[in-house]
Amino acid sequence: MTSPAERKVLHGIGVSAGTASGPVAIVTPAVGIDEHEPASVDLEADSQRVRDALQQVATSLTNRAEHANSETSKKVLEATAALATDRGLIKQIDKELKKGTGVTKAIHDAVEVYAGKLRKIGGYMAERVTDLYDIRDRATARVRNLPEPGIPTLEGPSILVAEDLAPAETATLDPDQVLGIITEAGGATSHTAILAAQLGIPAAVQVKGIAEAIANTPVAALDGGVGEVIVAPTPQDIEELEERSRRRAAALAGSSGEGATKDGHKVKLLANIGTADDAAKAAQYDLEGSGLFRTEFLFLDRDAAPTVEEQTETYISVLKSFGRRRVVVRTLDAGADKPLSFADLGPEENPALGRRGLRLSMAREDLLDDQLQALANAREAVEGAELWVMAPMVATVEEAEWFANKARGYNLPTVGVMVETPAAAIMSEQILSIADFASIGTNDLSQYTMAADRMQGELAELLIPWQPAVLKMIRETAQGGERNGKPIGVCGEAGGDPLVALVLVGLGVQSLSMAPGKVNAVRAALRLHDLQACKQMARLALESPTAAQAREAVLGAADPVLRDLL
Ligand code: PEP
Ligand code: MG
């Protein structure tokens, strides 16, 4: 049981607003090969140890399958359980043991060989490679007498606590079972944070010391808006959190309809989505379409390239969900922290500066051609659809031109680019003389402007959107759009922060795309201020020498009710 004496308040970065309190469940990291293990001397005994471990893995997966909350997860878990006791895999492990390797190394090497075989077969079998790695990590932990990695079986709705979560792991979370997410590492613009917001799960990242703090106290409370975590909360803590929720609800009351400032200046409020399911859910919200469909999220766990038919079906489903509302589809943004095994160009020293995004599409034109063809087919098939297409990670005018020509060649009428590099921001006037629109990816634009890896939690302060250098990049981009009469939007995480949103509108941004759960707060913030006030706040932010001063100045100028929206 908890006691007030164990109470502790920790601060991190709030990445998905909302409050939660309840039992915590710890996500265990994978342990890997035991570097100190001896070579196998008793083959039979070691082989039996591995078989036992694999059998235990299969049994625990089968148990989870029985309690799965959807037919799809049940099938996935059952198939993974069957793979754990696959005779071919066990034979391969025996072979490795005979070479004299230790037990955990034999498991790893055998899985690598087996994965290679599955990849060669291709199609469905190739897609099982991810499951195979999952089995490897679970079996390795078992033979090392350590807890199995990953998200534990939840006894009931819980708050997940992890060092960090992989995007693929986060994507599978069930929002009915996961009350909140707290991670020790991670950054506000990491794809895990993005997915949490997408799922509407309150979340805080960079909560230093959380693992240690919860070691003896199984309950926590979380405010995902401000990033506050209370370990072993008292009844008063929970009451206060509830009071915060009530104030927020009051500030949000009546937030509906088209996005606009107090004096009626329109700002389109759009949803960021990653799957057809997201689209169906987002379309139920009171919002004006989707400003970013991250298509690579469809394929994060796939080992084989999707076919044109398969993609067409998904895009049709997304377009149908939104009807006549705008849908901005970003072509495959693979690479860096979103590696796709079927689009892998080999190891790189600095993947974030490497052949990712459009650069990868230029190297693998076949993938882009398939995607554009599928988008064109889907547009044809859905009457009244307003489909816009844009390329990620554009850095030069030539790249923008290459992409625009290519997409227009598929009869896609509205073709844009993302502004995610300082180069594109500085060249926006020329780029927008070619592209029909631009959408600013503030996550990457911050990463590249500040030379700070967005995956590196310790650098989170450099990555906040209040950095005057980043705001100047946004102003430059907006001016490039204005000079060409082309619309500029923002689809990075900055657009979903009610206070930053005011500054963005003041800088000339005409649409904001965010996790659907953030739209109400941004709409309420806009309604509290007229365009002149937003412009004044933009000036205050641009004139500030530091990010902290920029935020303070803008908060000071904002309507006091805005504080309840943060
Ligand atoms: C961005 O970089 O801001 C963006 C929207 O793209 P992603 O987060 O998917 O890299
Ligand atoms: Mg990006």
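I need the full set of residues from segment 299-323 which are closer than 28 Å to V509 by Cα and of a type outside the set (G, A, S), in order please. Before you say what the answer is, go through the steps one by one.
Applying the first criterion (closer than 28 Å to V509 by Cα) to segment 299-323 yields 315, 318-323.
Matches in segment 299-323: Y315, V318, L319, K320, F322.
I'd like the residue in segment 363-399 that is aliphatic (A, V, I, L, M) and within 16 Å of ligand 1 (Cβ to nearest atom) and, out of all such residues, is farthest from S439 (Cα to Cα).
We begin by selecting, within segment 363-399, every residue aliphatic (A, V, I, L, M); these are 363, 367-368, 372, 374-376, 378, 381-382, 385, 387, 389-391, 393-395, 397.
If we keep only those that are within 16 Å of ligand 1 (Cβ to nearest atom) too, we end up with 389-391, 393-395.
Working: V389: 11, M390: 8, A391: 10, M393: 11, V394: 11, A395: 13 Å.
Filtering first and then ranking leaves A395.
Mind checking which pairs have a first residue in segment 386-411 that is closer than 20 Å to V490 by Cβ and a second that is within 16 Å of ligand 1 (Cβ to nearest atom) and open to solvent by 60 Å² or more (accessible area, probe 1.4 Å), Cβ under 7 Å, 6 or more apart or different chains?
Close Cβ pairs (under 7 Å, with a partner that is within 16 Å of ligand 1 (Cβ to nearest atom) and open to solvent by 60 Å² or more (accessible area, probe 1.4 Å)) amount to M393/R359.
Taking the condition of being free of Cβ contacts under 8 Å to residues at least 40 places away in the same chain, within 16 Å of ligand 2 (Cβ to nearest atom) and either of a type in the set (A, V, I, L, M, F, W, C) or outside any loop (DSSP other than H, G, I, E, B) (or both), how many residues in segment 344-358 meet it?
The number of residues fulfilling the criteria is 2.
Test V389 against the stated conditions and say whether it is assigned to a strand (DSSP E or B), in the same structural domain as Q371 (by TED's automatic domain parsing), of a type in the set (A, V, I, L, M) and over 19 Å from P351 (Cβ atoms). Before the answer, list the steps.
Details: assigned to a strand (DSSP E or B): yes; in the same structural domain as Q371 (by TED's automatic domain parsing): yes; of a type in the set (A, V, I, L, M): yes; over 19 Å from P351 (Cβ atoms): yes.
For V389, the condition - assigned to a strand (DSSP E or B), in the same structural domain as Q371 (by TED's automatic domain parsing), of a type in the set (A, V, I, L, M) and over 19 Å from P351 (Cβ atoms) - is met.
Going by what's in this entry, would A423 be described as in a helix (DSSP H, G or I), within 16 Å of ligand 1 (Cβ to nearest atom), surrounded by fewer than 24 Cβ atoms within 10 Å (Cβ to Cβ) and among the small types (G, A, S)? Show your work before the answer.
Working: in a helix (DSSP H, G or I): yes; within 16 Å of ligand 1 (Cβ to nearest atom): yes; surrounded by fewer than 24 Cβ atoms within 10 Å (Cβ to Cβ): yes; among the small types (G, A, S): yes.
Here the answer is yes, as A423 does meet what is asked.
When you scan segment 526-544, how many residues do you find that are touching a helix residue (DSSP H, G or I) at 6+ places or on another chain (Cβ under 7 Å) and more than 25 Å from S256 (Cβ to Cβ)?
7
I need the full set of residues from segment 318-362 which are of a type in the set (D, E, K, R) and within 14 Å of ligand 1 (Cβ to nearest atom), in order please. Explain how you work it out, then say what you get.
Filtering segment 318-362 down to residues of a type in the set (D, E, K, R) leaves 320, 324-326, 330, 333, 337-338, 344, 348-349, 355-356, 359.
Across segment 318-362, the qualifying residues are R330, D333, D337, K338, R356, R359.
Residue pairs, Cβ under 6 Å, 6 or more apart or interchain, first in segment 452-468 and free of Cβ contacts under 8 Å to residues at least 24 places away in the same chain, second open to solvent by 30 Å² or more (accessible area, probe 1.4 Å) and in a helix (DSSP H, G or I). List them.
Listed pairs, sorted by first residue: A452/L459; A452/L462; L462/M450.
Regarding segment 426-437, can at least one residue be identified that is touching a helix residue (DSSP H, G or I) at 6+ places or on another chain (Cβ under 6 Å), among the β-branched types (V, I, T) and within 16 Å of ligand 1 (Cβ to nearest atom)?
no
Pick out the one residue from L462, L504 that is under 21 Å from V328 (Cβ atoms), hydrophobic (A, V, I, L, M, F, W, C), within 16 Å of ligand 1 (Cβ to nearest atom) and part of a helix (DSSP H, G or I).
Details: L462 fails: under 21 Å from V328 (Cβ atoms).
Within the list L462, L504, the selection yields L504.
Which residue, of G441, G517, G485, G457, is within 16 Å of ligand 2 (Cβ to nearest atom) and either under 23 Å from the mean Cα position of the chain (by Cα) or surrounded by fewer than 20 Cβ atoms within 10 Å (Cβ to Cβ) (or both)? Walk me through it before giving the result.
Values: G517 fails: within 16 Å of ligand 2 (Cβ to nearest atom); G485 fails: within 16 Å of ligand 2 (Cβ to nearest atom); G457 fails: within 16 Å of ligand 2 (Cβ to nearest atom).
That would be G441, the only listed residue that is within 16 Å of ligand 2 (Cβ to nearest atom) and either under 23 Å from the mean Cα position of the chain (by Cα) or surrounded by fewer than 20 Cβ atoms within 10 Å (Cβ to Cβ) (or both).
Kindly provide the set of residues from segment 222-240 that are aliphatic (A, V, I, L, M) and out of contact with any Asp or Glu (no Cβ under 6 Å at 6 or more places or on another chain), ordered by number.
To start, the set of residues in segment 222-240 that are aliphatic (A, V, I, L, M) comprises 222, 226, 229-232, 238.
Hits for segment 222-240 are L222, V226, V229, V231, I238.
Of L146, L160, L61, which residue is outside any helix (DSSP H, G or I) and surrounded by 15 or more Cβ atoms within 10 Å (Cβ to Cβ)?
Answer to the selection: L160.
Give the number of residues within segment 193-239 that are of a type outside the set (G, A, S), under 30 Å from I273 (Cβ atoms), in a loop (DSSP other than H, G, I, E, B) and open to solvent by less than 30 Å² (accessible area, probe 1.4 Å). Lay out the reasoning, then the answer.
Taking segment 193-239 as the starting set, the residues that turn out to be of a type outside the set (G, A, S) are 194-195, 198-199, 201-202, 205-208, 210, 212, 214, 216-219, 222-223, 226, 228-231, 233-239.
So of that shortlist, the ones also under 30 Å from I273 (Cβ atoms) come out as 194-195, 198-199, 201-202, 205-207, 210, 222-223, 226, 228-229.
With in a loop (DSSP other than H, G, I, E, B) added as a condition, the list becomes 201-202, 206-207, 226.
Okay, now just the ones that are also open to solvent by less than 30 Å² (accessible area, probe 1.4 Å), so 201-202, 206-207.
Going through segment 193-239 one residue at a time, the tally reaches 4.
Could you tell me whether V50 is among the hydrophobic types (A, V, I, L, M, F, W, C) and farther than 15 Å from E148 by Cα? First the steps, then the outcome.
On the way: among the hydrophobic types (A, V, I, L, M, F, W, C): yes; farther than 15 Å from E148 by Cα: no.
Against the criterion (among the hydrophobic types (A, V, I, L, M, F, W, C) and farther than 15 Å from E148 by Cα), V50 does not qualify.
The values are calculated or read from the model by the stated rules, or taken from the named source; none is laboratory data. These numbers were taken from a predicted model, which means no experiment stands behind them. All Cβ positions, glycine included, derive from the backbone under ideal geometry; neighbour counts span all protein chains shown. Surface accessibility is based on the protein's heavy atoms, side chains included, excluding ligands, DNA and RNA. Shrake-Rupley method; radii C 1.70, N 1.55, O 1.52, S 1.80 Å.
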